[in-house]
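Quick notes on the structure that follows.
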Amino acid sequence: MFEVCVPATSANLSCGFDVLGLTLDLFYIVQVEEREGFDITISHVGEGESEIPQGEKNIFVQAVRTVWKEAKFSGTGMKAKSRSTIPVKRGLGSSAACVVAGVTAGNILAGNPFKDDVLMRLATLLEGHPDNVMPAFVGGFVATFLDREKIYFKKYDFFSDLEMIVCIPPYQLSTGKMRKMLPQCYSRRDVVFNLSRIAHLVGSVAMCDREGFFAALEDRVHEPYRGKWIKGYFEVKEFLDTQGLGKVIISGSGPTLILFLRLPWNSSVEKEIRKIFYAAGVDEIQLKKVSWVNTGVKVVVS
Ligand code: HSE
């Protein structure tokens with residue numbers, strides 16, 4: 001029996017659309033027991049309990065099978081029990097976590113035929129978003145891309161003491177739908193705007209330049225378009241900007257927002273943020289302090 005634990009991920013980091021991601025301390029954990037025969041059962045508790053499908057439609061199971069197919073492994077029986085603190089369809093990489101757990105478990109059950117680079121490629125092809133999948137694999141702040149089926153990545157430590165608050169609304173948004181909201185073409189001015197910010201952002205993280213990081217957290221590729229679908233986004237952005245408190249980003253394709261703050265989170269800022277969401281029509285916003293984690297997928301054998 002073994003357990004696979006995978007962290008949540010926040011993809012894009014504002015200007016880094018489809019290429020940057022950061023791991024957060026929310027987790028998908030699956031306990032796997034090999035069984036005789038070929039039957040696979042999976043049960044799930046925690047976030048997504050009423051929505052995550054059982055059996056072959058389960059993304060974890062599909063990822064296990066993807067590895068087995070690639071390895072030409074005929075398969076085995078398996079009893080899997082999963083639990084999660086990663087909200088589903090909120091832009092926190094819940095499906096990437098399931099896929100990374102699945103390819104990892106599938107590889108172990110098949111006798112470890114593949115090294116990490118193959119698993120990373122298979123997971124990225126299956127899930128579709130390297131900016132979620134790669135941080136989930138390796139942890140930390142990650143810049144990545146897939147080119148002709150080869151995955152490239154650079155991992156950096158993130159700021160040790162940056163205040164991060166996730167704002168998780170009760171409604172969900174589909175990534176597919178949120179991708180359709182984006183333009184097909186961008187002006188050269190907007191492209192250069194994002195290129196300059198992303199270069200500065202990665203450099204600032206690498207050099208621990210916190211103000212450089214704050215300056216670079218601006219985007220013209222996805223946030224202006226997706227922001228319209230995320231209640232309170234523009235108002236929170238204006239509040240943080242005008243008060244000089246920090247920056248807000250859309251986590252993945254939303255609707256979760258992440259606040260990066262210059263000052264420690266306190267009750268008066270919390271009150272203002274709650275007021276903004278309430279006025280925008282979100283009665284129940286979950287505000288949670290999170291930390292980044294430096295490790296990605298972990299396996300514990302028992
Ligand atoms: N980069 C992807 C997007 C991440 O924003 O559509 C999806 O989680």
Connecting every pair of Cα atoms under 10 Å apart in the chain and solving the GNM, the largest mean-square fluctuation among GLU47, GLU36, GLU235 falls on GLU36
At R0 = 25 Å the Cβ-Cβ FRET efficiency linking GLN184 and ASP147, nearest 0.05, sits at 0.70
Computed on Cα atoms, the radius of gyration and Dmax of the stretch 163-290 in angstrom are 14.9, 42
Applied in sequence order to the stretch 248-263, the curve 6.51 cos²θ - 1.76 cosθ + 1.60 (Karplus, θ = phi - 60°) yields integer Hz couplings, x standing for Gly and Pro, of 10, 10, 8, 7, x, 9, x, x, 5, 10, 10, 9, 9, 10, 7, 10
Counting only protein heavy atoms and leaving out ligands, DNA and RNA, the solvent-accessible surface of CYS98 at a 1.4 Å probe, in Å² to the nearest 10, equals 10 Å²
per DSSP, antiparallel bridges as share of beta bridges in the stretch 35-181, % nearest 5, sits at 55 percent
About its Cα centre, the chain carries a charge dipole, from +1 on Lys and Arg Cβ atoms and -1 on Asp and Glu Cβ atoms, whose size in debye to the nearest 20 is 560 debye
Amide H neighbours of ARG35 at under 5 Å, excluding residues fewer than 5 places away on the same chain, with H built from the backbone geometry, are GLY77, MET78, LYS79
antiparallel share of DSSP beta bridges within the chain, to nearest 5, in %, is 85 percent
Per the 1/(1 + (r/R0)^6) rule, R0 = 22 Å and r from the Cβ atoms of LYS271 and PHE234, FRET efficiency to 0.05 is 0.65
Computed ³J(HN,Hα) along the stretch 150-157: with the Karplus parameters 6.51/-1.76/1.60, θ = phi - 60°, integer Hz and x for glycine or proline, the list is 9, 9, 10, 7, 10, 10, 10, 6
For the stretch 179-189, Karplus-derived ³J(HN,Hα) couplings (6.51, -1.76, 1.60; θ = phi - 60°; whole Hz; x for glycine and proline) come out as 6, 5, 6, 8, x, 7, 10, 10, 6, 4, 4
Cβ-Cβ cut-off under 13 Å around LEU195, Lys and Arg +1, Asp and Glu -1: the net charge is +1
With all protein chains present and a 1.4 Å probe, the order of ASP283, ASP25 from largest accessible area down is ASP283, ASP25
The stretch 193-245: Kirkwood hydrodynamic radius (Cα pairs, Å) comes out at 12.1 Å
Any residue on another chain or 5+ positions along whose placed amide H is under 5 Å from the amide H of ILE86 is listed here as PHE27, GLU47
The distance between the Cα centres of the stretch 188-236 and the stretch 11-60, in whole Å, is 28 Å
Expressed in angstrom and rounded, the centroid-to-centroid distance over alpha carbons for the stretch 64-83 and the stretch 254-302 is 35 Å
Of the candidates PHE234, LEU259, MET207, the farthest towards the positive dipole end of the stretch 163-290 (Lys/Arg Cβ +1, Asp/Glu Cβ -1, centred on the Cα centre) is PHE234
Scattering profile of the stretch 1-80 from the Debye formula, Cα beads only, expressed as log10 I(q)/I(0) at q = 0.15, 0.19, 0.24, 0.26 Å⁻¹, is -0.68, -0.95, -1.18, -1.26
Which of LYS89/LYS288; LYS79/LYS288; LYS57/LYS288; LYS81/LYS154; LYS154/LYS247; LYS72/LYS154 exceed 21 Å between C-alpha atoms? The answer is LYS79/LYS288; LYS57/LYS288; LYS81/LYS154; LYS154/LYS247; LYS72/LYS154
If each K or R counts +1 and each D or E counts -1, the residues other than SER253 whose Cβ falls under 9 Å of its Cβ total +3
So the pair-distance distribution of the chain, from every Cα-Cα distance in 10 Å bins, comes to percents of 6, 28, 34, 21, 9, 2, 0
Helix-only [θ] at 222 nm, the chain, -39500 (n - 2.57) per DSSP H run of 4+, per residue, nearest 500, equals -11000 deg cm²/dmol
The extension gain from VAL192 to ASP161, computed as 0.36 nm times the residue separation minus the Cα-Cα distance, is 8.1 nm
Around LEU122 (Cβ within 12 Å, Cβ-to-Cβ, excluding LEU122; K/R +1, D/E -1) the net charge comes to -1
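The values are calculated or read from the model by the stated rules, or taken from the named source; none is laboratory data. Being a predicted model, the structure only gives us computed values, none of them experimental. Heads up, the Cβs are rebuilt from the backbone with ideal geometry, glycines too, and the neighbour counts pull from every protein chain shown. Ligands, DNA and RNA are excluded from the accessible area calculation, which covers all protein heavy atoms including side chains. Shrake-Rupley method; radii C 1.70, N 1.55, O 1.52, S 1.80 Å.
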